[in-house]
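First the structure, in the form of structure tokens, and then the observations on it.
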Amino acid sequence: MTHWQALTRYCEDGRIEVYNNTAERSIRPLVLGRRNYLFAGSGGGGHSAAVIYSLIGTARLNDVEPNAYLRAVFERIADHPINRIDELLPWRLMPIETAAQQVA
């Protein structure tokens, strides 16, 4: 396929976008993270970074604001029983937070 054919392909197929900004925005966190992983310092540091990124990603997937979620977890985790750690997951913790804010 020549460059001109590739450039004008979107005219033939309405599903193709003129710009690839959407695709670039979706992979940007991965690219930035990949660069940051080089400086994790150790295997343990990389594991800790992966845990934090997973918590943030899980919060976003559950329509929970990540900063508020992490703040709520950090406020509770010291006194929380280890055998009930699943209560601190985003879909279980934040509905309680939201209900408490609505009452206040």
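The values are calculated or read from the model by the stated rules, or taken from the named source; none is laboratory data. Predicted model only: the values in this text are computed from it and were never measured. Positions of Cβ are generated from backbone atoms using ideal geometry, with glycine treated the same way; all protein chains shown enter the neighbour counts.
When every residue of region 22-34 is checked against the conditions, none turns out to be at pLDDT 85 or above and among the hydrophobic types (A, V, I, L, M, F, W, C). For the subset of region 81-104 comprising residues that are modelled with pLDDT under 90 and outside any helix (DSSP H, G or I), which member is surrounded by the most Cβ atoms within 10 Å (Cβ to Cβ)? Of everything passing the filter in region 81-104, Leu89 is surrounded by the most Cβ atoms within 10 Å (Cβ to Cβ). Pairs meeting the criteria (first residue in region 3-31 and assigned by TED's automatic domain parsing to the domain that holds Ile56, second residue in a loop (DSSP other than H, G, I, E, B), beta carbons under 9 Å, at least 6 apart or on different chains) are lacking. Residues of region 66-80 that are under 28 Å from Leu30 (Cβ atoms), out of contact with any helix residue (DSSP H, G or I) (no Cβ under 7 Å at 6 or more places or on another chain) and either at pLDDT below 85 or not hydrophobic (A, V, I, L, M, F, W, C) (or both): Asn67, Arg71.
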